[in-house]
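The values are calculated or read from the model by the stated rules, or taken from the named source; none is laboratory data. From a predicted model like this one, the values you see are computed outputs, not experimental measurements. A quick note on method: Cβ atoms are made from the backbone with ideal geometry, for glycine too, and the neighbour counts reach across all protein chains shown.
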Amino acid sequence: MGGRRRRTAVVSLRDRALAALAIGISVLAALGVFEAADAHALSDAEARLATYRTLESDNLALASGMNTQAAGLATYVQALTLEPATLRELGDRDTLLGDYVTGSGQVRDSLSRLQQESAQLGIGAEERPVASTARAWQAWAQGRRDAAEAAAGHPLDPRLDAEGSALFSAFSAADQTLADHVRGAIDIAAAAVERQSARHNQIFYSGLAVEAMVLLVLAVAVMRSVVRPLARLTRTAEELAAGQETRVPYADRLDEVGSLARALAGWQTSSADMLSVFERSPIGICRLSTGGVILEANPSLERMLGYSSGELDGRPYRDLTPEVGHYGELVTGRRERVAVETRYQRRDGSHFWGSLTVSPVHHLDGAVDYFVAMIEDIDHRKRQEFDLLHRAGHDSLTGLPNRSLFDDRLEQALRAARRRRGKVAVLVLDLDRFKPVNDELGHAAGDDVLRKLTGRLGTALRDSDTLARLGGDEFAILLAEQDQAGAQATALKLLEVMEQPFEVEGQRRPIGLSIGIAVFPTDARNPAELMLAADSAMYRAKRNGTGWALAQSVLRLA
């Protein structure tokens with residue numbers, strides 16, 4: 001009858017555990033459903049708020065584009081009143097229309113985005129007046145430009161200008177109405193997100209409390225029926241590992257603890273099987289003394305390192321890898337386990353990457369008896385990782401750092417310069433006369449020029465400088481610890497090495513550079529401002545045909 005009661009108790013314990021687990025899972029599932037639904041509502045509210053904010057930004061971009069186009073048109077019309085000789089000194093027609101064309105493109109893109117976002121938010125009625133008045137002014141602007149060009153020398157027309165001012169005022173009024181509506185909608189949406197977020201947090205923390213209670217109940221049950229018996233069995237296992245004679249408790253129990261006890265009782269009889277595992281394992285395994293000497297190694301490790309059977313026994317482990325600093329921590333108990341990836345040296349002198357795991361085996365008194373080290377050959381995976389890492393930060397055509405890696409190095413250089421109160425120079429380079437090479441000889445020829453050009457530019461730089469390809473025919477150079485004078489000297493060297501034409505498809509093609517120079521902290525305070533200043537200087541150098549130009553300081557213009 002005693003045996004019958006024990007079996008019934010086991011079944012009851014299991015049933016209670018399963019019931020508690022089912023309750024816990026049900027509670028978690030219910031909480032998960034509520035939380036998922038609430039999170040979805042919160043996500044919808046946040047998405048709507050984000051769309052409104054994007055619409056507000058695009059509306060500002062539209063107004064900015066309209067203003068830029070209007071200013072460009074006024075400048076162009078005024079320029080047409082000048083004498084032909086004076087007009088030619090100001091630049092060609094494309095140069096004079098630069099701001100007008102830029103603003104027109106910005107208006108076109110902004111209107112497209114506004115239409116999509118307004119349709120998504122259901123506020124097309126508020127957006128349509130803005131779009132119609134903007135397009136009306138755009139049509140007027142094109143007509144005004146045509147009229148000014150047709151009236152050579154006498155482009156001024158007060159009547160047309162008054163009509164344009166009226167159209168622009170109509171756009172401004174419609175745009176302000178839309179802006180006010182969007183700002184109000186943003187406030188409402190932000191309040192909705194805040195309410196939804198507060199509710200979401202309440203559901204989340206309530207769920208945590210319920211889950212904690214369920215876990216507490218399960219923990220108490222597991223402690224009484226499993227943890228205490230396992231602790232006793234653990235001590236017994238340590239005694240068996242030390243070779244001591246001891247009796248395994250709980251072997252008469254009919255539950256899982258009893259099964260574990262019976263398995264432990266048969267542990268010593270399976271030592272031959274364990275030895276077989278050591279010998280046949282595909283992973284390299286060895287035992288190491290506390291002094292770092294190899295006591296024995298399995299055949300896989302010997303093959304991995306190129307040694308014959310028994311040749312590794314007695315050899316210092318440091319002869320195989322420099323990763324030996326963890327032994328002291330393992331001996332003193334500061335670390336229980338070491339897992340690292342390190343390089344190993346084979347007998348023939350070649351190297352490979354291995355994944356090393358080292359664990360100590362202790363005496364009963366707690367002192368370390370020896371270490372068990374397991375080494376897996378991961379050389380192929382590591383090489384793939386290094387290759388992917390290199391390709392992520394470098395341009396595939398030239399092998400130069402790409403924009404991402406250049407931005408990272410620029411950020412690091414500026415941090416170092418701030419600490420040392422030093423300077424950093426950035427040069428932005430754009431190629432002149434490169435497009436005809438691509439158009440006339442093909443992209444393969446253009447790629448050949450880019451590769452040759454990379455080699456030339458490198459000869460004018462220091463080893464500490466960073467030359468990067470930002471994309472297309474645009475490059476950038478980072479000069480750490482370099483002031484404006486040093487940057488100018490580098491720019492002159494770069495122009496010098498570009499003086500000789502390039503041999504392409506049997507032709508000699510001259511390729512020039514336009515270089516913009518900006519220096520931290522004189523011209524800018526952060527990477528974005530520094531790149532913008534150098535980029536603007538580059539375009540100024542390209543327009544003026546001077547080869548290089550200094551930045552107009554963002555700080556002085558602010």
Residue ID - farthest from the chain's Cα centre (by Cα), chosen from residues in region 299-322 that are part of a loop (DSSP other than H, G, I, E, B), modelled with pLDDT under 85 and crowded, with 16+ Cβ neighbours inside 10 Å: 320
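Conditions (1) surrounded by 13 or more Cβ atoms within 10 Å (Cβ to Cβ); (2) under 22 Å from the mean Cα position of the chain (by Cα), marked per residue:
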position	(1), (2)
365	no, no
380	no, no
386	no, yes
393	yes, yes
409	yes, yes
422	yes, no
Residue in region 84-93 that is farther than 18 Å from residue 174 by Cβ, at pLDDT 80 or above and either part of a helix (DSSP H, G or I) or among the hydrophobic types (A, V, I, L, M, F, W, C) (or both) present: no
Matching option when the condition is within 32 Å of the chain's Cα centre (by Cα), within 19 Å of residue 407 (Cα to Cα) and surrounded by 17 or more Cβ atoms within 10 Å (Cβ to Cβ), among 529, 481, 474: 529
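Does region 104-119 contain at least one residue that is over 30 Å from residue 44 (Cα atoms) and in contact (Cβ under 8 Å) with a residue 24 or more places away in the chain? Walk me through how you get there before you give the answer.
Initial filter on region 104-119 (over 30 Å from residue 44 (Cα atoms)): 104-105.
Of the ones still in play, those that are also in contact (Cβ under 8 Å) with a residue 24 or more places away in the chain are 104-105.
Yes, because at least one residue in region 104-119 is over 30 Å from residue 44 (Cα atoms) and in contact (Cβ under 8 Å) with a residue 24 or more places away in the chain.
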Where residue 459 falls short, out of the listed (1) farther than 25 Å from residue 545 by Cα; (2) in contact (Cβ under 8 Å) with a residue 24 or more places away in the chain: (1)
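Only one residue in 466, 454 is hydroxyl-bearing (Ser, Thr, Tyr), closer than 30 Å to residue 390 by Cβ and touching a Ser or Thr at 6+ places or on another chain (Cβ under 7 Å). Which one?
Working: 466 fails: touching a Ser or Thr at 6+ places or on another chain (Cβ under 7 Å).
On inspection, the qualifying residue turns out to be 454.
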Residue 296, sole failed condition from (1) acidic (Asp, Glu); (2) modelled with pLDDT of 80 or more; (3) over 30 Å from residue 320 (Cα atoms): (3)
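Restricting to region 38-73, count the residues that are within 22 Å of residue 188 (Cβ to Cβ) and not charged (D, E, K, R).
The qualifying residues number 16.
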Given (1) in contact (Cβ under 8 Å) with a residue 60 or more places away in the chain; (2) over 30 Å from residue 39 (Cβ atoms); (3) under 39 Å from the mean Cα position of the chain (by Cα), number of the condition residue 148 does not satisfy: (3)
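Output the number of residues of region 103-117 satisfying the condition of being more than 14 Å from residue 65 (Cα to Cα) and either of a type in the set (D, E, K, R) or crowded, with 19+ Cβ neighbours inside 10 Å (or both). Steps first, please.
Here is the first cut: in region 103-117, the ones more than 14 Å from residue 65 (Cα to Cα) are 115-117.
Next cut, either of a type in the set (D, E, K, R) or crowded, with 19+ Cβ neighbours inside 10 Å (or both) only: 117.
Residues flagged as more than 14 Å from residue 65 (Cα to Cα) and either of a type in the set (D, E, K, R) or crowded, with 19+ Cβ neighbours inside 10 Å (or both) within region 103-117 amount to 1.
So, residue 407, is that one farther than 24 Å from residue 312 by Cβ and without any contact (Cβ under 8 Å) to a residue 12 or more places away in the chain or not?
Values: farther than 24 Å from residue 312 by Cβ: yes; without any contact (Cβ under 8 Å) to a residue 12 or more places away in the chain: no.
Judged against the criteria, residue 407 is not a match.
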Checking residue 470 against (1) free of Cβ contacts under 8 Å to residues at least 60 places away in the same chain; (2) farther than 15 Å from residue 425 by Cβ, the condition it does not meet: (1)
Matching residues in region 253-278 - criterion: being modelled with pLDDT under 70 and part of a loop (DSSP other than H, G, I, E, B): 255, 266, 267
Residues within region 183-219 that are closer than 23 Å to residue 64 by Cβ and in contact with a Phe, Trp or Tyr (Cβ under 6 Å, 6 or more places away or on another chain), tallied: 2
Options 516, 547, 512; residue that is in contact (Cβ under 8 Å) with a residue 24 or more places away in the chain, surrounded by 21 or more Cβ atoms within 10 Å (Cβ to Cβ) and assigned by TED's automatic domain parsing to the domain that holds residue 458: 516
Residue within region 429-441 that is modelled with pLDDT of 90 or more, in contact with a strand residue (DSSP E or B) (Cβ under 7 Å, 6 or more places away or on another chain) and within 24 Å of residue 408 (Cβ to Cβ) present: yes
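Does region 45-55 contain any residue that is more than 19 Å from residue 143 (Cβ to Cβ), β-branched (Val, Ile, Thr) and in a helix (DSSP H, G or I)? I'd like the intermediate steps shown before the answer.
Going through region 45-55, the residues more than 19 Å from residue 143 (Cβ to Cβ) turn out to be 45-55.
From what is left, the residues that are β-branched (Val, Ile, Thr) are 51, 54.
With in a helix (DSSP H, G or I) added as a condition, the list becomes 51, 54.
So far as region 45-55 goes, yes, one or more of its residues are more than 19 Å from residue 143 (Cβ to Cβ), β-branched (Val, Ile, Thr) and in a helix (DSSP H, G or I).
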Wholly within region 345-456, strands (runs of 3 or more DSSP E) carrying at least 1 residues that are in contact with a His (Cβ under 8 Å, 6 or more places away or on another chain): 351-362, 368-377
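Table: residues versus (1) of a type in the set (A, V, I, L, M); (2) under 18 Å from residue 464 (Cβ atoms).
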| site | (1), (2) |
| --- | --- |
| 374 | yes, no |
| 380 | no, no |
| 383 | no, no |
| 395 | no, no |
| 409 | no, yes |
| 416 | yes, yes |
| 423 | no, yes |
Condition met for residue 496 (surrounded by fewer than 16 Cβ atoms within 10 Å (Cβ to Cβ) and part of a strand (DSSP E or B)): no
Residues located in region 36-50, provided they are acidic (Asp, Glu) and surrounded by 15 or more Cβ atoms within 10 Å (Cβ to Cβ): 38, 46
